[in-house]
Amino acid sequence: MVTVSEQQRRYVHLTHWGAAEIESDGRQLTSVRPWREDPAPSRILENLAAAHRHPARVDQPYIRQGWLERGPAAAARGSDVFVPVSWEAALDLLATELGRVYGSYGPDGVFGGSYGWASAGRFHHAQSQLHRFLNCLGGYVRSVNNYSFGSSSVLLPHVVGNVGLVIAGATAWPVIAAHTDLVVAFGGLSPKNSAVASGGIGRHTMAPALASAVARGCRLISVSPLRSDTDASLGAEWIAPVPGTDAALMLALCHVLDSEGLADRCFLDRYTVGYPRFEAYLRGDADGVPKTPAWAAALTGISAERIRALARQLAAGRTMITVSWSLQRAEHGEQPVWLGLVLAAMLGQIGLPGGGFGHGYGSSGDVGNPRRMSAPRLPQGANGIDSYIPVARIADMLLHPGAAYDYDGQRRRYPDVKCVYWSGGNPFHHHQDLARLREAFARPQTVVVHDPFWTATARHADIVLPATMSVERDDLGVGSGDSTLFAMPQLAEPYAQARDDYATFAALAERLGVGEVFTEGRTTGQWLRHLYGQWRSDLRGAGHEMPPFEEFWAAGSLEIPVPDPGQVLLSAFRRDPAGFALSTPSRKIEIFSATIDGFGYADCPGHPVWLEPAEWLGRHPGGYPLQLVANQPRRRLHSQLDVGAYSQEGKIAGREPAAMNPGDAAARGIADGSCVRIFNGRGSCLAGVTLTEDVRPGVVQLSTGAWYDPDPADPSFCRHGNPNVLTADRPSSALSQGTTGQLAMVEIEPYDAVPPEVSVHRPPVTAVQ
Ligand code: PGD
């Protein structure tokens with residue numbers, strides 16, 4: 001392994017937002033440049049150097065004063081001072097507390113779901129480390145699904161097959177570049193989202209592929225309230241419906257295909273089930289409301305003529321219908337995804353090169369990369385219990401232990417959790433209705449957080465342990481949808497007393513009598529060789545010879561084999577529907593799902609429908625007339641490295657930027673560049689306004705990820721601009737219980753007072769021990 005004391009180092013290092021050539025003097029990162037083989041690198045890399053040794057790093061272990069002095073369950077979590085303690089003291093206290101919780105309540109008393117992206121790197125992956133550790137103690141309450149595509153991941157198995165089939169098996173970009181005549185992107189093909197991919201991305205492939213498709217003559221239509229959701233240089237047509245009404249638009253497109261004889265009946269008969277039930281709904285036989293373009297025009301704000309013409313365009317050539325993940329992060333988020341699939345089925349091009357259906361192009365940089373073979377992976381061990389919640393139900397679980405709820409056909413009960421252990425995620429970034437989450441976080445007896453930074457979640461913990469950043473440890477990394485495996489040698493000394501999560505868990509495991517089970521007697525270096533060696537022999541078994549570890553490490557990267565570089569989603573099923581039958585109950589695409597219908601959920605019936613959301617521009621509960629789109633940020637990944645240079649450069653008056661239409665601003669006396677207050681019945685936040693015609697009238701866009709900086713007197717007021725004080729903690733449906741954080745109704749007013757200081761980028765108040 002490399003030691004940092006060796007002279008200046010320069011290596012390629014993998015992050016979720018791209019690979020970088022990094023130089024370091026062993027302590028500081030002296031230069032961070034995009035990997036030279038990346039055709040379209042992301043500027044998010046510019047956050048790394050300044051964040052790495054920023055004072056917002058956690059410098060040593062801390063215990064919340066009330067918890068330290070009065071024990072578990074003490075009040076004031078989130079507003080107390082923190083007491084610095086030695087590593088030995090912190091580990092002793094935490095081991096004793098875990099012993100108490102496991103002894104009194106068993107694994108059912110510990111929530112280790114710990115959702116979050118953490119950092120790139122296969123061995124030091126924070127959740128894997130935590131899960132492995134908790135499994136050594138008997139297990140933990142886990143979470144299922146994710147915030148990215150939580151509604152789809154429950155819907156798709158019922159209607160087309162495993163979500164991995166649709167996402168990892170997406171038709172490859174080169175196929176689209178070569179064959180597609182028209183891409184209709186519901187939710188756009190966002191350049192900022194395609195900059196990132198879970199686990200990392202070596203080469204960004206979307207932008208060059210789209211440029212080449214357009215150069216060949218492919219047309220793009222971006223359906224989104226935000227013009228910026230597709231790269232302006234591609235010349236895409238912009239259709240801007242009322243947010244949350246894509247399902248209505250798609251139904252009207254289906255109606256035109258049906259009524260004008262443009263639906264491919266042979267495809268529907270051979271590869272799908274349930275079209276007649278859906279057709280009856282389309283025609284209005286079921287509810288007396290034909291889903292015509294005129295009907296949809298009233299809901300979407302798109303003219304009936306344009307809808308009709310669009311339907312004909314769809315049927316005129318090789319068309320890819322793609323639906324972004326953001327559309328399903330909303331009330332009834334299952335519907336646009338299901339309808340995108342149905343629309344593509346009606347066009348009859350599923351399984352053909354460049355046609356059919358996609359879900360997540362432009363939502364993550366790896367969708368459209370062909371599937372690679374497996375990668376080295378840390379085993380997490382076996383969980384001794386089978387207790388879980390859908391991931392976005394965290395606040396409900398903490399607030400209502402024992403309460404019943406519906407999920408995917410089951411009637412379940414929330415477990416009674418006493419200890420929350422989070423490593424590698426930031427729920428006070430990612431969850432909705434943060435004031436409610438704060439109430440929920442006041443419930444457990446103990447909250448433990450590992451993080452490199454003083455995130456809002458760390459500030460709501462009792463025990464805070466400083467974690468290293470990925471540049472401070474040896475690892476190997478590859479994205480879940482990328483094929484370049486990178487050696488990631490340590491580039492800099494750990495910040496202050498920060499430790500690798502592995503070292504922390506190993507020390508805790510030792511104290512709890514499971515040290516050997518957790519570490520298997522290996523150091524980090526030995527684990528990397530071991531995991532690589534196991535993987536190498538697996539690939540050899542599959543006929544692929546990979547280099548020995550030392551050779552890989554010296555080379556810095558290698559390419560994992562990709563079996564089908566020209567993959568086309570569902571091509572095998574199209575070729576041979578019996579031989580490559582889907583895993584749905586009917587073995588076909590389900591336009592009507594008897595299983596979902598049998599659940600009897602009013603908010604997700606047996607075929608896709610239009611359901612009016614509780615909050616949208618057509619209904620203003622509480623009199624909040626603007627539609628907030630709380631989307632992914634351009635200048636960072638989620639909340640990660642918000643203190644970095646590129647993220648900070650984007651702030652307006654020190655607040656997160658919010659974009660709105662000049663007409664809406666003028667009506668409220670709001671000037672470009674000014675500070676505003678965005679509010680609704682759940683909370684409020686400050687933001688710095690930028691005015692642009694690229695936002696549909698009636699809409700305001702405020703990205704997620706500004707670190708939550710609550711007013712001490714009112715936790716529902718964020719001084720910095722975190723939109724999750726405004727979003728509702730309301731599930732998309734009883735089917736999936738997915739998050740609906742993308743959309744909420746709000747009002748905006750000028751903020752004329754002197755804005756309060758944003759304090760969250762400084763460490764919290766600490767007591768001297
Ligand atoms: P991150 O900011 O990536 O957000 O939510 P997520 O919790 O993943 O948090 C990762 C944390 O891990 C950071 O605090 C980082 O410092 C920490 N970390 C990094 N490396 C390490 C490490 O090695 N060890 C430890 N212990 N910690 C580490 C993202 C989630 O937000 C997602 S995926 C989506 S798609 C959602 N999107 C929306 C949305 O569209 N709209 C709203 N309103 N809300 C959303 N929230 C969701």
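The values are calculated or read from the model by the stated rules, or taken from the named source; none is laboratory data. The structure displayed is predicted, hence computed values, not measured ones. Here the Cβ is made from the backbone with ideal geometry for all residues, glycine too, and neighbour counts use every protein chain on show. Each accessible area value is taken on the protein alone, full model and side chains, heavy atoms only, with ligands, DNA and RNA left out. Shrake-Rupley method; radii C 1.70, N 1.55, O 1.52, S 1.80 Å.
Structure notes:
- Apart from one condition, Gly424 fits all of (1) of a type in the set (Gly, Ala, Ser); (2) within 14 Å of the ligand (Cβ to nearest atom); (3) open to solvent by 40 Å² or more (accessible area, probe 1.4 Å); the exception is (3).
Yes/no matrix, rows are residues, columns are (1) among the aromatic types (Phe, Trp, Tyr); (2) touching a residue at least 24 places away in the same chain (Cβ under 8 Å):
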site	(1), (2)
Phe133	yes, yes
Ser153	no, yes
Leu156	no, yes
Asn162	no, yes
Gly169	no, yes
Gly199	no, yes
Ala211	no, no
Val223	no, yes
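- Number of the exception - Thr739 against (1) in contact with a helix residue (DSSP H, G or I) (Cβ under 6 Å, 6 or more places away or on another chain); (2) away from the ligand (no atom under 12 Å from the Cβ): (2)
Conditions (1) touching a residue at least 40 places away in the same chain (Cβ under 8 Å); (2) open to solvent by 20 Å² or more (accessible area, probe 1.4 Å); (3) among the aromatic types (Phe, Trp, Tyr), marked per residue:
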position	(1), (2), (3)
Val289	no, yes, no
Pro293	yes, no, no
Gln313	yes, yes, no
Thr322	yes, no, no
His332	yes, yes, no
Leu352	yes, yes, no
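- If you go through the range 290-334 and keep only what is of a type in the set (S, T, N, Q), more than 16 Å from the ligand (Cβ to nearest atom) and in a loop (DSSP other than H, G, I, E, B), you end up with Thr292, Ser303.
- Selected residue (criterion: nearest to the ligand (Cβ to nearest atom)) from residues of the range 618-633 that are assigned to a loop (DSSP other than H, G, I, E, B) and buried (at least 20 other Cβ atoms within 10 Å of the Cβ): Ala630
- Candidate set: the range 427-472, residues that are of a type in the set (D, E, K, R) and open to solvent by 10 Å² or more (accessible area, probe 1.4 Å); chosen: the one nearest to the ligand (Cβ to nearest atom): Asp451
- Test: Leu210 is touching a strand residue (DSSP E or B) at 6+ places or on another chain (Cβ under 9 Å), among the aliphatic types (A, V, I, L, M), closer than 30 Å to Ala375 by Cα and buried (at least 24 other Cβ atoms within 10 Å of the Cβ): yes
- Unique match (being surrounded by fewer than 17 Cβ atoms within 10 Å (Cβ to Cβ) and not in a loop (DSSP other than H, G, I, E, B)) among Glu749, Glu693: Glu749
- Test: residue in the range 118-131 that is within 27 Å of Ile350 (Cα to Cα) and not in a loop (DSSP other than H, G, I, E, B): no
- Applying the set (1) in contact with a strand residue (DSSP E or B) (Cβ under 8 Å, 6 or more places away or on another chain); (2) surrounded by fewer than 24 Cβ atoms within 10 Å (Cβ to Cβ); (3) over 19 Å from Trp325 (Cβ atoms) to Leu226 leaves exactly one unmet item: (3).
- Matching residues, the range 233-273, being part of a loop (DSSP other than H, G, I, E, B) and farther than 15 Å from Ala344 by Cβ: Gly235, Ala236, Ala240, Pro241, Val242, Pro243, Gly244, Thr245, Glu260, Gly261
- Tyr105 being farther than 24 Å from Arg371 by Cα, in contact (Cβ under 8 Å) with a residue 60 or more places away in the chain and either under 17 Å from the mean Cα position of the chain (by Cα) or surrounded by fewer than 20 Cβ atoms within 10 Å (Cβ to Cβ) (or both): yes
- Where Gly669 falls short, out of the listed (1) touching a Leu at 6+ places or on another chain (Cβ under 6 Å); (2) among the small types (Gly, Ala, Ser); (3) in a loop (DSSP other than H, G, I, E, B): (1)
- Residue check, Thr230 in contact (Cβ under 8 Å) with a residue 60 or more places away in the chain and over 30 Å from Asp475 (Cα atoms): yes
- Sub-9 Å Cβ pairs linking a first residue in the range 416-434 that is under 18 Å from Ala95 (Cα atoms) to a second residue that is open to solvent by 10 Å² or more (accessible area, probe 1.4 Å) and assigned to a strand (DSSP E or B), at least 6 apart or interchain, are Trp422/Asp451; Ser423/Asp451, ordered by first then second residue.
- Subset of the range 654-674 [surrounded by fewer than 18 Cβ atoms within 10 Å (Cβ to Cβ) and aliphatic (A, V, I, L, M)]: Ala666, Ala667, Ala671
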